[in-house]
1. For the range 36-208, divide the Cα radius of gyration by the Kirkwood radius and give the resulting Rg/Rh value with two decimals.
2. Mean separation of Cα pairs under 8 Å and 6+ residues apart, divided by the residue count of the range 36-208: what relative contact order is that in percent?
3. In nm, what is the difference between 0.36 nm times the number of residues separating D86 and Q100 and their Cα-Cα distance?
4. Measure off 7 Å from each Cα along the Cα-to-Cβ vector at E182 and D58, then give the distance between these two points in nanometres to one decimal.
5. For K213 and Q38, compute 0.36 nm times the residue count separating them, minus their Cα-Cα distance, and round to one decimal in nm.
6. Please compute the modelled spin-label separation between K206 and T78, points set 7 Å along Cα→Cβ, answer in nm with one decimal.
7. What is the set of long-range amide H partners of A64 at a cut-off below 5 Å, with H atoms built 1.01 Å from backbone N?
8. Between T119 and residues 5 or more places away or on another chain, which pairs have amide H atoms under 5 Å apart, with H built 1.01 Å from N, and which residues are they?
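None of the figures in this text is laboratory data; all of them are computed from the coordinates on show. This structure is a prediction, so every number in the text was calculated from the model and none was measured. We place every Cβ from the backbone using ideal geometry, glycine too, and count neighbours over all the protein chains shown.
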Amino acid sequence: MSWWQRLTRVFAAPSDAAGPAAQPHIEPERKPVAMPEQLEIATLGAGCFWCVEAVFDDLKGVHAVESGYMGGHTPNPTYEDICGGDTGHAEVVRVSFDPQVVSYADILRVFFTVHDPTTLNRQGNDVGTQYRSVIFFHSPQQEATAREIKGEIDARGLWGAPAVTEISAATDFHMAEGYHQEYFARNPGQPYCMFVVAPKVVKFRKEFAARLKK
């Protein structure tokens, strides 16, 4: 875990401290969102999942966004496991979207715009394989589209260097703890949210204004 995480994310998790005013924390059971038949899934990692979730929550055609972990070898990983960087998992979001409203290609164009895909295993001060840029595809069609859009982004020179984004087949999705879900919406004044998440959301809303939910 980086110094920035220790400074700004250590206060995100529920406290176990006991005391006269302390209230017991009960983590609500988190169940996957039921997905209507017409929806598709995109699973993406672009650094801290708080940032990515906050962006896709605003995108027209998106039904639900869930934060979790994918791509590792440790069964049932926890956030504490992930922060160690040894499980192989990436922090990801699972985006359920209506392809009649927003295409998978456009989902990926947003993805490549709101994070830096040229920094290996790093987004800003968040460093480690858990923060890698990654697209987990769910079908051969998604894999082909991911490679096409990655090539498109490189050809445009959007970030001034080639994308190092991993493109891999989806594996088991592990839902993140309940307090991670909709974190930015519920904690806009938290320091990490103010200084890291909010600027990404502002950039997205500016560059994709026509695609925002009403």
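1. For the range 36-208, the value is 0.93.
2. It comes to 30 percent, rounded to a whole number.
3. Extra length from D86 to Q100 when fully extended: 1.1 nm.
4. 1.7 nm
5. Difference between extended and current length: 61.1 nm.
6. Modelled inter-label distance: 4.0 nm.
7. Long-range HN contacts for A64: S96.
8. Amide H neighbours of T119: V164.
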